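Visitor: Below are the structure tokens for one structure; questions will follow.
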Amino acid sequence: MFKEALRDVVDGTEGGVAGLLMDSSGIALESYAKDSAAFDINTIGVEFSVVIGAIKRAAEMLEAGPTHEIVINTDKFITLIRTLGDTYFIAVALTPDGNYGKARYLMRTVAPKLMTEL
């Protein structure tokens, strides 16, 4: 179920390259990458899991409420991260010209389905 959900988000998004479902400690539950992916989505997830933790703590300290979404935009790709409760997150990597609005929509719609399985 997890791989299919990731595939649907990545393949359903123009510019989608890879997707990942990971827990907050950096352990990947599932991943999906197109053959054209020039990077390892699991490594990206492990590195960003530390950043996600820091962002969540900062939001709590500011009493801003829970973090739902994080976007990291670099020269080579855009990474969208959507938290799934306190423990898990889904991440999708896109090319710089990818349709991240569509990726955000697909991630938001698949999140409840993933949460019921987790």
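The values are calculated or read from the model by the stated rules, or taken from the named source; none is laboratory data. Note that this is a predicted model, so its numbers are computed, not measured. When we count neighbours, we look across all protein chains shown, and the Cβ atoms used for this are built from the backbone with ideal geometry, even at glycine. For accessibility, only protein heavy atoms count, side chains too; no ligands or nucleic acids. Shrake-Rupley method; radii C 1.70, N 1.55, O 1.52, S 1.80 Å.
Visitor: Mind listing the Cα extents of the chain along all three principal axes, in Å, largest one first?
Guide: Cα spread of the chain along its principal axes, largest to smallest: 40, 33, 24 Å.
Visitor: Now for a separate question. At a Förster distance of 35 Å, what's the computed FRET efficiency of Lys102 paired with Asp40, Cβ-Cβ distance as r, to 0.05?
Guide: 0.90
Visitor: Also, quick follow-up: Between Met61, Met107, Met22, where does the largest GNM mean-square fluctuation fall for the chain, given springs only between Cα atoms within less than 10 Å?
Guide: Largest GNM mean-square fluctuation: Met61.
Visitor: Might you work out the accessible area of Arg57 for me, using a 1.4 Å probe with all protein chains in place, and round it to the nearest 10 Å²?
Guide: We get 140 Å² for Arg57.
Visitor: Additional query: Report the full-extension gain for the segment Leu29 to Lys76: residue separation times 0.36 nm, less the Cα-Cα distance, to one decimal in nm.
Guide: Full extension of this stretch gives 14.4 nm more.
Visitor: Here's a follow-up. How would Thr87, Thr67 line up by accessible area, probe 1.4 Å, largest first?
Guide: These residues rank, largest area first, as Thr87, Thr67.
Visitor: Grab the Cα-Cα distance for Ala64 and Glu4, subtract it from 0.36 nm times how many residues apart they are, and report the gain in nm with one decimal.
Guide: My answer for the length gained is 18.3 nm.
Visitor: Also, I was wondering about something else. Report, in debye and to the nearest 20, how large the dipole of the range 1-104 comes out about its Cα centre when Lys and Arg carry +1 and Asp and Glu carry -1 on their Cβ.
Guide: Here the size comes out at about 60 debye.
Visitor: Moving on to the next point. Pairs of alpha-carbon atoms within less than 8 angstrom and 6+ residues apart define the contacts here; what relative contact order does the chain have, in percent?
Guide: About 30 percent, as a whole number.
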